[in-house]
Every structure is written in C-alpha cells, then in structure tokens.
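Coordinate-derived values only; no laboratory data. Quick caveat: nothing in here was measured; it's all calculated off a predicted structure. Methodologically, a virtual Cβ is constructed for each residue, glycine included, from the backbone with ideal geometry; neighbour enumeration extends over all protein chains shown.
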Amino acid sequence: MTGAYWGADSRQRDNDEARHFLLGLSRGAAGAMLFGIPMLMTMELWDLGFYIERGRLLLLMIVNIPLLVVLAHLIGFERTTTWRQAVRDAIIAYGLGILISAAVLIMLGTIEAHMPASAILGKVAIQAVPASIGAMLGRSQLGGQAAGGGNEDGKQDEESVEDAVPDAISTHYSQELFLMAVGALFLNLNVAPTEEVILISYKMTQWHALAAMLVSIAIMHAFVYAVAFKGTHEIPGETPRWHVFVRFTLPGYMIAMLISLYVLWTFGRLDDVAPNQILMSAIVLSFPGAIGAASARLVL
C-alpha cells in the first residue's frame, strides 16, 4: 500500500515537472516571437542573410552558445542545478529561435523556395540569435518561474522570485557584468543592421559624440541605481555614490561600447572605414547598447 502511494506520488511529480517544462517551452516560444519581431520585420536583416561574411556569422552563432548556457543557468525553462541541464535549456532555446525565425520569415514571404540555400541559412541564422535570447527572456517576462516555483496561474510571492536566481550568482560581480553584456548585445542586434546608425554617425560632430556618451552614461547610472525599479541595487547608506558609479556604471558602458564594436564588425559596418568614423559609429550604437545593458538586470 505504501509502495503504491509513493509510486503515485512519484508519477504525480513527474507529471508536474513535465507540465511545467512544457509551459516553459510555450513561454520560450512566445518570448522568441515577442523579442525577435523587431529583427524579423527589419529589411536590413533580410538583406544581410545574402551578403554577411560567413566566418563572422559563424562566430556570432558560436558566441551565442555559451551566452545561452550561462543565461539558462540563471533563467532557464526550469530551475537548473547542473551545467548539463543549462546546456539542455540552451539547446532548446536555440532550437526555438531557429524554428520561430524560419516560420515567421516563411510566413512573411522573405524566404522562398527559389532562394539559394546559403541565403536561407544566412537569414535564419542571423535572426535565430536574438530570437533564442528572447526565448530565454520569455521565462522571466511571461510568467516567471517555469518549474520549482510559483503557482499554477503564474502568481508568485517575493520569496519565490528571489529564489529564481541563486543568491551566489545574482550578487556576483562577474554575473552582473555578464547580464549587462547580454542586454547590450540583444538591443544592439536590433539596431546595428539599420542604415540610420551609419547616417547618424556621419552627421554627428565631436560635440554631439561627447554629449551622446555623457547622456548614455547618465541614463545608465540613473536607470539601474537611482530609480527604484525591480532588480535595482540597494546601496548601503555608508557606501559612497562614486563607488557604484566606478564599479558598475563605467564598466557597463565600456561593455556596451565593446559589444557595439563587435556587432558593427560582424555586420560589416566597419569595413574600409576611417578610425574616427568607427569610433563615431560605436558611440551612436552604444546609446541603445547602454540602455540595454542597464535594463538587463531589471528584466532578467
């Protein structure tokens, strides 16, 4: 009798885990759609599929894999206790990004049967990177905890939200910088392919560039540390304000700048361009990149 009871209890647990995992997949697919739409409906991204250098595209896809693995460890489809589980979640998120991207591009008529296979693969591969990140974000933004926390209708108490990310990870300095990099990369991927970035960089003067840098840094600092949003850092009264600015805001902006340079290079925006114009383009792209970096800790 006892054995039957425990067997039924075990089956119920397995069913609950499977249901939570499927719910996480649904949220991931919705996140891939929601966060990927800006790029899926951007003409410059469609064109990039034809002519982007394949080596740079391959590097972007490779870089996205460890990024997703670490992100999965923080906010995967279900609570992960091992890196093997995080790798599994990352593969699933990438798969969702690929499937959603291909389906939407086919629906919009931007992928057609007569196109070369290399162009089709290029289009889907570019779109799958932000879509896969969106699949991960879908868990935190479209219902919170996928497994191991929260009730059936998605409501959670504060304790379960805090438990979604282990304290040792959420408070670790390197993890904070990692989340900033993810936020900057995600937003930059949406903006960098557009012609407006290059146009603005050519129209800007040095004073405009300086103003853009100062405003980006100011917004970044205010966004994370001065505004009482969810996920912001509570600064102890005895901690000097400059300490937080130097430790988080300035490194965050430098990360946004480096991510901007990398994304511009990936999309061929820096080829045969003068050094001063490269800097201008990076400053322009770092404006949304800094906002993405600052908001990442609030969103994730």
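Computed extension length for Gln206-Met115: 28.4 nm, one decimal, from 0.36 nm per residue of separation with the Cα-Cα distance subtracted. Close amide H partners of Val273, meaning residues 5 or more places away or on another chain with modelled amide H under 5 Å apart, do not exist here.
Provide the net charge surrounding Ala103, with neighbours chosen by a C-beta distance below 15 Å and charges set as Lys +1, Arg +1, Asp -1, Glu -1. Each step should come with its number before you reach the end.
Working: positive: Lys123; negative: Glu112.
Spelling it out: positives minus negatives among the neighbours equals 0.
Run the quick spin-label model on Ile106 and His243: label points 7 Å from Cα toward the beta carbon, then report their separation in nm to one decimal. A separation of 5.6 nm, rounded to one decimal place.
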